[in-house]
């Protein structure tokens, strides 16, 4: 299995646009995943009976093969980017929901009571006390969800999308390893870079953690 | 949507659908075979690795980073790559599934080991226990809950992903998903997906029960 | 003639033209065939070309793109979307506008029981069978049929030369093809209906790709569904089984297009390409993509340039 280096040189434009499209799909999924999980996690954190149900539901969704989710979405959103993003979002929910709930759980009751005693309203407490304190655990979830989404985007190549995943089906059909190797390497690089950026973001977002160190 | 689920009921309960080489019974067996073999091999690689790193404390940085690297590996790409290298065989499927499962097992085993209170380990050594005795009689039992979490996570991922075997001409429940896609037969796709989910959940519950049994055994 | 009758007359022509053009359309018609396209059809906002999941369809998609771009139409190609079963609904729903199709295969997809096999008649049948909003443009010169092939050795061993011979081996042979072929008329269904053939097993593989060819080579399957434009058939000395009962219809390449973009510019550009591209040329283009690992896009653009479609 040899790499055709000239192919890579000839395809820098294509590779760039596929990488951008790949990243866009993964990040959109994490974004929408957060948008859905944050309120759900607050509900699961406060309403005990719903907690098991919501976490259980997200776990069940996780057991469904991603390709099946994409295909089952076809009658609804067709061969579009929307299908890819919805499918990926479903998968991010497991990690994001669980970590956000655990993050909220980890906030000491005393802290919340102190906020209450000072007359802070519940919503304000949530936004200014609970969520910031839960941030490290939530960010851990965001990091896993991001890496997972980046790795999963390629499955959408079976419905004509999939960013770098298109290099896999292409290489497969033509018995041509170069695009496949390039696709795998770029996916891994994307994941590493995205993860590093998130670590940096977390550093910026949690200044109180730095002082301690 | 209602129509789809009604047809799913028919699909799942028809006797003809269960029989033969393309029947549910056969595909289910294949799927279990792929998933269990891959998870066992992954456990055989990941458990010792995680235990060793956790016990000695050496190579942790490398192992954890490799594991998160592994989590980013696109399964489709890996399957195709091994296929192009090895031709029409089961290798692409097994290698991709094992690569998928090893990271969860290593990281959770390692996490379980590091969570063991150093004082307890010191106490065990103080009582004259040797390295391997500390590992197997103290650390391992205490790390077991997290180790089991890792195994369960790995198994769920492998069962869901074993669908990919169908992409490179093999069987398993993925056959229904990929064939259903090609034929735009959504009932078949949904049927395959539901069966995969059921297999994953049943196996997970099985491991959970095993875990509970192991604990009772230890505390008794 | 008052305004109403004038409008009526215009509408009448608009309706009558597709039928007429369908009859007269074909290799020689360069006018792009008339149709209801005149009214609201416009390619001003560009045309999205979808392609199915095999090499040749992608080559054709990029050839369409090259031809349209040369005529000043903006295009976007979406390669490798899936099987006809997946891509056709996407055309209906508007995710794509144009699709390189094959006359017979498309017709049997729309009308599995259709017995029509002559090119012109098929064009009429297609026009009748297509849902509102979609139409086929004049078919091109190039053809690519489904075939069922066996290795030389298998042919000798079982005495196979035609599809009819397969019946003698009922229940003994394994067929390999893409999953959709199991439920298609030009596939397992038709082989049973027309030739009474029953296989021991159907193996879901791919559309004339590495799986089906690999399996045929290895002996994992006895009969394989391939395309006539694949140079591997000759290279491997595989035997293409003849089709005495005409199960496999004529397969001229034909653009399937949404009415909304089928304006005269698009029609003419595609008719020009259809008239130009021969089966041998298409076969060669496929080979360059599969064997020389050239991009379908580059291969298509080079062809368009070489043959004066673009400058």
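Tabulated data for the structure shown
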{"read-out": "All Cα pairs of region C:35-181, percent lying beyond 25 Å", "value": "41 percent"}
{"read-out": "Angle in degrees between helix C:296-306 and the longest Cα principal axis of chain C, rounded to the nearest 10", "value": "60 degrees"}
{"read-out": "Per-residue mean of C-beta atoms belonging to partner chains within 10 Å, peptide C:197-209", "value": "3"}
{"read-out": "Calculated on alpha-carbon atoms, Rg and Dmax of the protein assembly as shown in Å", "value": "29.3, 114"}
{"read-out": "Long-range Cα-Cα pairs in region A:113-166 (distance over 16 Å), rounded percent", "value": "61 percent"}
{"read-out": "Shielding by other protein chains, C:218-224, mean Cβ within 10 Å", "value": "1"}
{"read-out": "Where Rh is the Kirkwood radius over Cα pairs, Rg/Rh for region B:116-208", "value": "1.32"}
{"read-out": "Chain A: most fluctuating residue of A:105, A:195, A:175 per GNM, C-alpha cutoff 10 Å", "value": "A:175"}
{"read-out": "Whole-number percent relative contact order across chain C, with pairs defined as alpha carbons under 8 Å at least 6 apart", "value": "29 percent"}
{"read-out": "Most fluctuating residue given options A:63, A:80, A:146, as computed from a GNM of chain A linking Cα atoms under 10 Å", "value": "A:63"}
{"read-out": "Solution diffusion estimate, µm²/s, Stokes-Einstein, chain C, Kirkwood Rh from C-alpha pairs, 25 °C, viscosity 0.890 mPa s", "value": "122 µm²/s"}
{"read-out": "By average C-beta atoms within 10 angstrom, highest first, the peptides A:48-56, C:276-284", "value": "C:276-284, A:48-56"}
{"read-out": "Relative contact order [Cα under 8 Å, 6+ residues apart], region B:2-219, whole percent", "value": "25 percent"}
{"read-out": "Mean Cβ count within 10 Å, highest first, over the residues of peptides A:65-74, C:235-244", "value": "A:65-74, C:235-244"}
{"read-out": "Gyration tensor (alpha-carbon) shape descriptor, region A:123-205, a/c threshold 1.5", "value": "prolate"}
{"read-out": "Value in Å of the Kirkwood radius, where region B:2-219 supplies the Cα pairs that are averaged", "value": "19.0 Å"}
{"read-out": "Pair-distance profile P(r), taking every C-alpha pair of region B:1-106, with 5 angstrom steps and integer %", "value": "2, 11, 14, 15, 14, 12, 12, 9, 5, 4, 2, 0"}
{"read-out": "Rule-of-thumb Rg ratio for region C:253-311 [Cα; 2.2 N^0.38 Å; N residues]", "value": "1.25"}
{"read-out": "Number of partner chain Cβ atoms within 10 Å, mean per residue of A:184-197", "value": "3"}
{"read-out": "Rounded Å value of the spacing that divides the Cα centres of region A:139-206 and region B:44-107", "value": "16 Å"}
{"read-out": "Residue with peak Gaussian network fluctuation, chain A [Cα springs, cutoff 10 Å], from A:81, A:174, A:98", "value": "A:174"}
{"read-out": "Helix A:66-77 vs. chain A, principal-axis angle (Cα, 0 to 90°, nearest 10)", "value": "90 degrees"}
{"read-out": "Relative packing of B:57-68, C:131-142, which averages over residues the other C-beta atoms within 10 Å, highest first", "value": "C:131-142, B:57-68"}
{"read-out": "Helix C:55-70 axis, angle to chain C major axis (alpha carbon atoms, nearest 10°)", "value": "20 degrees"}
{"read-out": "Expected 222 nm ellipticity per residue - DSSP helices of 4 or more, -39500 (n - 2.57), all of chain A, to 500", "value": "-27000 deg cm²/dmol"}
{"read-out": "Chain A - convex hull of the alpha-carbon atoms, volume per residue in Å³", "value": "145 Å³"}
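Quick note: the coordinates plus some simple rules give every number you see, no bench work behind them. These numbers were taken from a predicted model, which means no experiment stands behind them. Because the Cβ atoms are built from the backbone with ideal geometry, glycine has one as well, and the counts that use them run over all protein chains shown.
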